[in-house]
Structure formats: C-alpha cells, structure tokens
Amino acid sequence: MKRFLITLLMMTILVSIVFVGCKKKEEAPAVSQEIPTIRIHGKDFSPADDVNIQFLRKVEAGFEKYSGQKINLELILVPDGAYAEKLNLTLMSGDIPDLIYFQGGDEAVSKQGLLLDLTQYVANSKVMQSKLQEFNKLRMANYPYLLWLAPPRARIALVREDWFAEAGSKIPVTVDDYYNLFKTIKSNHPDSFVMTDTGSTTRMDFTFDHAFGETATWVKQGGSYVYKKVSDAEKAKLAFYQKLYAEGLFDKDYVTTKWDTMEDKLYNNVVGMAFGTSGVVCDIYDTKLKTNQNVGLVALPPAKGVGQGYSVSTAKETRGWAISATSKNPDLVFQLLEYMATDEGQLTDRYGIEGVHYTVNNGTYAFTDKKSEWWPRIHEVMTYDGPLPVLGALGLKSWDFLGEYVVGDPDFPIPADLAPAWDALTNLYKEYNFKIITGEYSIDKFDEFVKEWYDLGGDKITEYAQGMLK
C-alpha cells in the first residue's frame, strides 16, 4: 500500500508539471513581428509639414512593393538655424539617426567612426552603378561616407528676361561683355543693383573663375601649384569685383544676404540677376519671378577668358546622405537609398504628392500650380526620364551648360593635422576678400594678404599640395 501511494503521488506531481508547462506554453505571448524604423535627419525636411509626412507614407508603400519589406520612416525635427550646427548638437547628444543628410561637418563625424563606409554597398549595387555619374564615383573613391545622386552644383547666372531684352538680348561671352551688360542694366534701372550673392562671392565665382584663370582649386603659376585664392588670377578677379561694387553694380549688402533674402531681392526689383543652382532651383526661381513680376529668367554661360567652365571638385561630396555606423538596419537603409534611385522611387521623389503637385487622369500626368513648391527630398538622378519632363526650359538649359562647361577639379581633402591652419587661412581670405571688394582695402593689399597667408601656414599646405598633385 505504501509503495502504491508513493507511486500515485509521483504520477500526480508529474501530471501537474506537464499540465502547468502546457498551460504556460498556451499562455506565452506571440513573438512580436516589429516593423523596423528608419530615422531620418534631413535639411528642410520637417515632420511638421504634412506634405513631408504624405511623402514618407508614399515611400513606405513603394518600398514594400519593391522589396517585400515593411518599414516605418520617421523624420527628426530639426530646430531653426544653421543646419550643420543643429545636426552637430543632435549627434553630440548621442541621438544618432539611421540616415543623415550632411551639408558640411561630416568629416569630423566620420573620423569618430560614426559613419558607415559605403564602398562595398555601392560597388555591389547594380542600381547605384547605373545611376551614379563619373564624378560621383571619383568622389566616393576618395571619401566613401557620403552618397549624393544629383547633378554638379554649379551656380548659373540668371538675369531677368525683360531687363536683358532692354539691354539688347546679346549673350555675353567675355568678362568685358558681362561688364557692358551690367552697365547697361544699371543705366536702365539706376535704383537697383545688377546682382547679389549670399555672404561671399562663391555663387558668382562660378561665372568668372575660369575667365580669370582659376580653372581649378590649385593652379599652375611659375612652374608649381598655387592655391587659387592667393594666385595672380584671384587678384585680377577681386579687382574686377571691386569695380562692380564701386559702380553700384554689385549689391552693397551682399555680405549679410542669405539665400532667402537673395531670392526676395530678385523677385522685388532690388536686383536683376542672381546665381541659381543648376536644375530644379533655376526653375523655381523662374516660376516665382513669373508669379511676382510676370516675367521669367534667362540663363547665361560662364565668361570666357583664360578658360571657360565650371570647376567640379572630385575630392569628396560636399553634401549628401550618410548611414550611421550604429544603425541596427544598415542594409535596409542602403536598400531604401537604392529604391529612391529607381524610376519608381524617382517618380515619387521628383513629382511630389499626387493630387497636390501633380494629377493623373486616365494615365495622363499633369503638374499642378503647386509643382514649384516641391523639390526632391532624397535623390535627383540626372538620367531619370519620367512621364513628364522634371525640368522646365530654364532648368534644362542650365543642365545643357553643365554638359558643355563642367570641368573636373583634382582637389583633395585637407588632412587632419593641417585642418586648423586651413580654417585660419579660410577666415583670413574672407576678411581680405570683403575689405578689398568693398573698397576698405585697395587691391594692392592683396600682396600683403598673400604673404600673411603663407606665413600663417599656407606654405605647409602648399608643400602638401605639390605632393598630392604630382
């Protein structure tokens, strides 16, 4: 009897254990099939704008159809102010998004190991190999942390077509031709300036650099390479700019002008010319001027002299998309960039939101009057050919100029040990540039600047350049 009771007790315990185990198995929650989230930090890409949210939802749906993978796309709210500065504050706080747009400041971040090397991703991508231009590939070979599918960012001279017609409608070729055009426009519109820029002369330099001999960042002078900003060509160009400023042809307030106030000056008769980024930006300026003044713009080629062209650096991308090295889904993030480069992705990126920026009726596409408010958020593939031209006549003309005048610039990144000196030299140049143009300094002060530039560390950087450019 005792053995029977012990056996019965053991069987009871065993059955209880099995029952509890089965019950726990039945009650265990299902494994969560969480949809991965990709967090994006972009410029002028605010989650507070409903159009951007609609864009993200459309991209999510398109990406799922393309890859079979559901994703959540989330935009980071960027405070107002200088973008590079606000991005740096975000990264320093430890909040590192998956996909980050840089417009400067990326080198310091990449040196900390926080950005993914995209070399193998791009090399193994049929999409990217077919969409990247040759200059993009050269830049990535030198600096593999930024991806930027877009045309070269040459700045095109754009003049009001009515003021241009009043001046004779003759396309300027030489620097003297440009000067005579400027003088005629000023004579016809004495209360206005002919042109403006945004804090420096970097926009208008695209039109005049080559004509004066600044055909690359480092130019040959006296048998060796010289940084273009301390060259004889720069001195001649600054003398020209000083003359424009003294004669009221160049906006007196250019140094405090930002990109938005530059546009306002163009739309409100303060200036008759601006320098717009090739492509869609030229179209936006043209459309807005037509809205404000019922008149469009004419694109003018770079001036011809010693050379003629637009220099495009092959050292690295100056802006573009980076993938965080801490991202949990780097392959998925790159696949998103791939998708946005396909024709399907470009249709969304270039056209905007259906019903807002374009309509489709029985397969026929048409842009609405809000199309000028849309710009590509991710890529601007030059070879994309959609159901509607993505550029207007002015934008297409600016791209024609790119094809005719773009020249590769064999520039190189400044190494870390020379970076502090380079920053100081850049600030020194800005000081003399402004004071010479505005007449505070005579052009003879340029020789003093050159000596100070070399003494401040320019000699070491120039020595480094000789080795890099052999």
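The numbers here are math on the coordinates, done by the rules we state, and not lab data. Since we're looking at a predicted model, the values are computed, not measured. Cβ atoms come from the backbone with ideal geometry, glycine included; neighbour counts cover every protein chain shown.
Between residue 72 and residue 362, the distance separating the two model label sites (each 7 Å from Cα on the Cα→Cβ line) works out to 4.3 nm. Computed over the stretch 144-211, the alpha-carbon pair-distance distribution with 5 angstrom bins reads 3, 13, 22, 22, 17, 10, 4, 4, 3, 2, 0, each value a whole percent.
Before anything else, pin down the relative contact order of the stretch 194-254: Cα pairs under 8 Å, at least 6 apart, normalised by residue count, whole percent. Write down the numbers at each step before the final one.
Numbers: 46 pairs, mean separation 25.6, N = 61.
Normalised by residue count, the contact order of the stretch 194-254 is 42 percent.
Shape of the stretch 404-470 from its Cα gyration tensor (a ≥ b ≥ c, root eigenvalues): rounded if a/c is under 1.5, otherwise prolate when a/b > b/c, or oblate? Since a/c reaches 1.5 but b/c is at least a/b, the shape of the stretch 404-470 is classed as oblate. One compactness figure for the stretch 358-465 is 1.78, namely its Cα radius of gyration divided by 2.2 N^0.38 Å.
Under the classification rounded if a/c is under 1.5, otherwise prolate if a/b is larger than b/c and oblate if not, where does the stretch 55-129 fall, given a ≥ b ≥ c as square roots of the Cα gyration tensor eigenvalues? Oblate is the answer for the stretch 55-129, as a/c is 1.5 or above yet b/c matches or exceeds a/b. Beta bridges per DSSP, both residues in the chain: antiparallel share near 60 percent.
How much FRET efficiency would the formula 1/(1 + (r/R0)^6) give for residue 447 and residue 326, where r is the Cβ-Cβ distance and R0 is 56 Å, rounded to 0.05? Before the final figure, lay out each step's value.
Details: r = 50 Å, r/R0 = 0.89.
It comes to 0.65.
Each listed q (0.09, 0.13 Å⁻¹) maps to a log10 I(q)/I(0) for the chain from the Debye sum over equal C-alpha point scatterers, namely -0.69, -1.35.
Shape analysis of the stretch 242-319 places it in the oblate category; the axes a ≥ b ≥ c from the Cα gyration tensor give an a/c of at least 1.5, with a/b not above b/c. Taking the helices alone, the chain has a mean residue ellipticity at 222 nm of -14500 deg cm²/dmol, built from -39,500 (n - 2.57) per DSSP H run of at least 4 residues and averaged over all its residues. Annotation for the stretch 331-432: trypsin sites (Lys or Arg not before Pro) lying in DSSP loop with at most 14 further Cβ atoms inside 10 Å of their Cβ are 370. Applying 0.36 nm per residue to the separation of residue 112 and residue 256 and subtracting their alpha-carbon distance, the gain on full extension is 48.4 nm. Mind pulling the angle between the C-alpha long axis of helix 2-27 and the longest principal axis of the chain? Nearest 10 degrees, somewhere in 0 to 90. It is inclined by approximately 30 degrees. Between residue 134 and residue 34, the modelled labels are 4.7 nm apart [label points 7 Å from Cα along Cα→Cβ].
Here the spin labels are modelled as points 7 Å beyond Cα on the Cα-Cβ line, and at residue 141 and residue 292 they lie 4.3 nm apart. Could you work out how far helix 83-92 tilts from the main Cα principal axis of the chain, as a 0 to 90 degree angle to the nearest 10? Helix 83-92 sits at roughly 30 degrees to that axis. Placing a label point 7 Å from the Cα of residue 440 along the Cα-to-Cβ direction, the residues of the stretch 250-292 with a backbone N closer than 20 Å are 250-258.
Taking the Cβ of residue 439 as the centre, find all other residues whose Cβ is under 12 Å away and add up their charges (Lys, Arg: +1; Asp, Glu: -1). Present the calculation step by step, with values, prior to reporting the outcome.
Values: positive: 243, 252, 435, 445; negative: 247, 440.
Here the charged neighbours net out to +2.
Placing R0 at 41 angstrom, the Cβ-Cβ distance between residue 416 and residue 375 gives a FRET efficiency of 0.75 after rounding to 0.05.
Counting only alpha carbon atoms, the long axis of helix 459-468 and the longest principal axis of the chain meet at about 70°.
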